[in-house]
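S.K.: Pasting in a structure now, in structure tokens, and then I'll have a few things to ask.
The values are calculated or read from the model by the stated rules, or taken from the named source; none is laboratory data. Please read these numbers as outputs of a predicted model, since none were measured by experiment. In this analysis, Cβ positions are derived from the backbone assuming ideal geometry, glycine residues included, and neighbour counts consider all displayed protein chains.
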Ligand code: FES
């Protein structure tokens, strides 16, 4: 299936955003454009990118197989990504994944038989302040637990589009891919969703309260609560040397230097 003229026009629009002679820099958005058209990075899509940019298919393949956002198998309308990296794992991310997998009847990198939902383990989704998190088509569902995560995928299975915690309303994988290729979300409500929450700006609020500026060394924070156990109110003093610390002998020093 050849790409239609509209796809070639979209590719030209993407390439025009880069300096002359640097068209190969457009490869990343072009790969998203391919996914928007064909659901994953097809062999035909690799050839399209190579021909359009004047590079080899091997170069396109090297990029497409390096980044996990480029899919090598068909993705459903909804890509469900459950973070199981450290912060989320500590707060139950693996159990969230297990319950979602149970609900969908599929495992990592698999798609439901009706082709509608793809599930994947994800590495850190850059939302550790809301752990454990999952995304659907890269829209965030914060601080999920096994029950709420299962309810979200149950909604997808029922043909609904559960509202993400932040950002615009959910759209399809193809629509998301087109946005990732650099084309605006045309829906008026696409930019009307909730913005960042308090956990994301906690550091900013702390810096403001302390009068810190990015171009100045920070003033020390003044503790407002009671001291922690073992914490004095005066300046920190060096820890005493362990009473049993061995004194190096000439013989041991020589061995160390050998
Ligand atoms: S570890 Fe899950 S978002 Fe960072």
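S.K.: Out of everything in region 129-148 that is buried (at least 17 other Cβ atoms within 10 Å of the Cβ) and in a helix (DSSP H, G or I), what residue ends up being farthest from the ligand (Cβ to nearest atom)?
M.R.: Among them, the one singled out is 146.
S.K.: Now for a different question. Select from region 113-124 the residues that are more than 16 Å from residue 83 (Cβ to Cβ), in contact with a helix residue (DSSP H, G or I) (Cβ under 8 Å, 6 or more places away or on another chain) and surrounded by fewer than 19 Cβ atoms within 10 Å (Cβ to Cβ) and list them in ascending order. Write out each step before concluding.
M.R.: Within region 113-124, the subset more than 16 Å from residue 83 (Cβ to Cβ) is 113-117.
Filter once more, keeping what is in contact with a helix residue (DSSP H, G or I) (Cβ under 8 Å, 6 or more places away or on another chain): 116-117.
Result: 116, single match.
S.K.: Could you tell me how many of the residues in region 102-128 are closer than 20 Å to residue 142 by Cα, assigned to a loop (DSSP other than H, G, I, E, B) and in contact (Cβ under 8 Å) with a residue 24 or more places away in the chain?
M.R.: Qualifying residue count, region 102-128: 4.
S.K.: For region 81-97, give me each residue that is farther than 11 Å from residue 125 by Cα and surrounded by 24 or more Cβ atoms within 10 Å (Cβ to Cβ).
M.R.: Passing the criteria: 93, 96, 97.
S.K.: Residue check, residue 155 against (1) without any contact (Cβ under 8 Å) to a residue 12 or more places away in the chain; (2) assigned to a loop (DSSP other than H, G, I, E, B), all met but one. Which one?
M.R.: The number of the failed condition is (2).
S.K.: Next up: Of all residues being more than 19 Å from residue 137 (Cβ to Cβ) and touching a residue at least 40 places away in the same chain (Cβ under 8 Å) in region 181-218, which is nearest to the chain's Cα centre (by Cα)? Just the residue, please.
M.R.: Top of the filtered list is 200.
S.K.: Take residues that are within 16 Å of the ligand (Cβ to nearest atom) and tell me which of the helices (runs of 4 or more DSSP H) falling wholly in region 27-93 contain 1 or more. Outline the logic, then answer.
M.R.: Working: elements: 27-38, 43-53, 57-64, 86-90.
By residue number, 86-90.
S.K.: Follow-up question, since we're still on this one. Using the structure shown, decide if residue 122 is at pLDDT 95 or above and either assigned by TED's automatic domain parsing to the domain that holds residue 161 or over 20 Å from the mean Cα position of the chain (by Cα) (or both).
M.R.: Values: at pLDDT 95 or above: yes; either assigned by TED's automatic domain parsing to the domain that holds residue 161 or over 20 Å from the mean Cα position of the chain (by Cα) (or both): yes.
Taking the combined requirement at face value, the residue satisfies it.
S.K.: For residue 165, indicate whether it is outside the structural domain of residue 140 (by TED's automatic domain parsing), modelled with pLDDT of 85 or more and surrounded by 11 or more Cβ atoms within 10 Å (Cβ to Cβ). Before you say what the answer is, go through the steps one by one.
M.R.: Numbers: outside the structural domain of residue 140 (by TED's automatic domain parsing): no; modelled with pLDDT of 85 or more: yes; surrounded by 11 or more Cβ atoms within 10 Å (Cβ to Cβ): yes.
Judged against the criteria, residue 165 is not a match.
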